[in-house]
Amino acid sequence: DKGNHRHFMEKEIHEQPEVISHTLAHYLDFSAGTVGNFDLPFDFAGIERMAISACGTAYLAGLISKYWFERYARLPVDIDIASEFRYREMPLPKNSAALFVSQSGETADTLASLRYCRSAGVPIGAIVNVRESTIARESDGIFPTLAGPEIGVASTKAFTCQLSVLASLALKAAKARGTISAEQERDFVRQLSEAPRYAAQALKLSERIEAVARELSHVRHVLYLGRDTSYPLAMEGALKLKEISYIHAEGYAAGELKHGPIALIDEQMPVIVIAPYDRIFEKTVSNMQEVAARGGRIILITDREGAAKATLKTLETIVMPDVPEFVAPIAYALPVQLLAYHTAVIMGTDVDQPRNLAKSVTVE
Ligand code: M6R
């Protein structure tokens, strides 16, 4: 049932404040300001590396979490696309652990990667939305996302719930490894507790985003740029746009612009920049200047401070609420999803059942 919504995707985008809140409450103790006492299939203090592997949007959630695990828990993470991991014959050292991310829990390549780790004797955790799935069954421990059934082929609420679990796990790891103080833990838990509110505020930008989408619906190619955790989000934006609107889109690390993609920039090529105001914002501004100097149109998704600091001629902005750096990827996922959604609706594609795609990819 789509309720008042035109598509399941729209409904699922709008459910995010609620399902993020449910998911976080499963892993965090908000009143105590601490990470909860949930079971783990491995001891974060005893491992030296963690391998994460997944496909599509779930892979991009894993890629964002690499920044979190490494920055806050000082835990090195190897992240791979599951179809590569399963044949890569990666050596899995002693004292390592493996984590798999899958909404359906049935993705063939992710399952094969899990079995590779099983044969290597590495402890296995899985973040799944379907608790009765094969990946859940074959893991040593599961971390459920509480997103509820996701019907739209384009993953939206499962993604932000995966991020919510991964952020909680990163805090769990940081605590176990002694890399954050009790005060920092309280602070991060409080920041995460605000994520549903940021998501709700982001939903209010829907009309503004629809106006931007109207322009996108006339173009053939779009480039998405971001740095740090906004880099995987740029790739997620490009994935979402291509899968439901069939517009060719690429997501790049902003710093890679001059290593190739800048050659594509002309008046016909919109560049969507995801850049909350943070310690590397200025670096992204110089990338935007390079785009503007070549006549490229920029759509900047940022906050108030970022919008005030980036004064370029060819610029349109989507202004987000002020969000702490740690939770920014969860909040910024929403405008990225809405942009793809509105573009596809304007173009009249089958948003919930895009051509050539299946919700669950159970064959290689
Ligand atoms: O069920 P899974 O999370 O394992 O699925 C992984 C991908 O197939 C999935 O995220 C796909 O990329 C989505 N259609 C993206 O919106």
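Which residues, counting only those in the range 308-364, are of a type in the set (S, T, Y), part of a helix (DSSP H, G or I) and over 28 Å from K66 (Cα atoms)? Can you show your working first?
Of all residues in the range 308-364, those of a type in the set (S, T, Y) come to 311, 314, 317, 332, 341, 343, 349, 360, 362.
Narrowing further to those that are part of a helix (DSSP H, G or I): 332, 341, 343.
Answer for the range 308-364, where residues must be of a type in the set (S, T, Y), part of a helix (DSSP H, G or I) and over 28 Å from K66 (Cα atoms): just T343.
Restrict the check to the range 35-54 and report whether at least one residue is outside any helix (DSSP H, G or I), touching a Pro at 6+ places or on another chain (Cβ under 8 Å) and of a type in the set (D, E, K, R). Spell out how you get there, then give the answer.
Step one: filter the range 35-54 for residues outside any helix (DSSP H, G or I), giving 35-43, 47-54.
Then drop every residue that is not touching a Pro at 6+ places or on another chain (Cβ under 8 Å), which leaves 41-42, 48-50.
Next, only the ones that are of a type in the set (D, E, K, R) stay: 48-49.
Yes, that holds for at least one residue.
If the requirement is being away from the ligand (no atom under 14 Å from the Cβ), of a type outside the set (S, T, Y), crowded, with 20+ Cβ neighbours inside 10 Å and in contact (Cβ under 8 Å) with a residue 24 or more places away in the chain, which of these qualifies: V336, V345, V327, V351? Walk me through how you get there before you give the answer.
Details: V336 fails: away from the ligand (no atom under 14 Å from the Cβ); V345 fails: crowded, with 20+ Cβ neighbours inside 10 Å; V351 fails: away from the ligand (no atom under 14 Å from the Cβ).
After applying the criteria, what remains is V327.
Here is a list of conditions, (1) surrounded by 23 or more Cβ atoms within 10 Å (Cβ to Cβ); (2) within 13 Å of the ligand (Cβ to nearest atom); (3) over 20 Å from Y231 (Cα atoms), and L28 meets all of them except one; can you say which number that is?
(2)
Can you find a residue in the range 228-246 that is open to solvent by 10 Å² or more (accessible area, probe 1.4 Å) and over 23 Å from A61 (Cβ atoms)?
yes
For the condition surrounded by 19 or more Cβ atoms within 10 Å (Cβ to Cβ), within 26 Å of D350 (Cα to Cα) and without any contact (Cβ under 8 Å) to a residue 40 or more places away in the chain, what is the one hit in V212, V130? If you could, list the steps in order and put the result at the bottom.
Numbers: V212 fails: without any contact (Cβ under 8 Å) to a residue 40 or more places away in the chain.
The match here is V130.
Quickly run through the range 216-250 and pick out the residues that are aromatic (F, W, Y) and not in a helix (DSSP H, G or I). Explain how you work it out, then say what you get.
Here is the first cut: in the range 216-250, the residues aromatic (F, W, Y) are 224, 231, 246.
Result: Y224, Y246.
Would you point out the residue of the range 73-96, among those that are more than 17 Å from the chain's Cα centre (by Cα) and open to solvent by less than 30 Å² (accessible area, probe 1.4 Å), that is modelled with the lowest pLDDT?
For the range 73-96, the residue satisfying everything is M90.
Check I124, I20, I52, I47 and return the single one that is touching a residue at least 12 places away in the same chain (Cβ under 8 Å) and within 14 Å of the ligand (Cβ to nearest atom).
On the way: I124 fails: within 14 Å of the ligand (Cβ to nearest atom); I20 fails: within 14 Å of the ligand (Cβ to nearest atom); I47 fails: within 14 Å of the ligand (Cβ to nearest atom).
None of the other options fit; the residue is I52.
The values are calculated or read from the model by the stated rules, or taken from the named source; none is laboratory data. Because the structure is predicted, anything quoted here is derived from the model rather than measured. With ideal geometry, Cβ positions are generated from the backbone for all residues, glycine too; neighbour counts draw on all protein chains shown. What goes into the accessible areas is simple: the full protein's heavy atoms, side chains included, and nothing from ligands, DNA or RNA. Shrake-Rupley method; radii C 1.70, N 1.55, O 1.52, S 1.80 Å.
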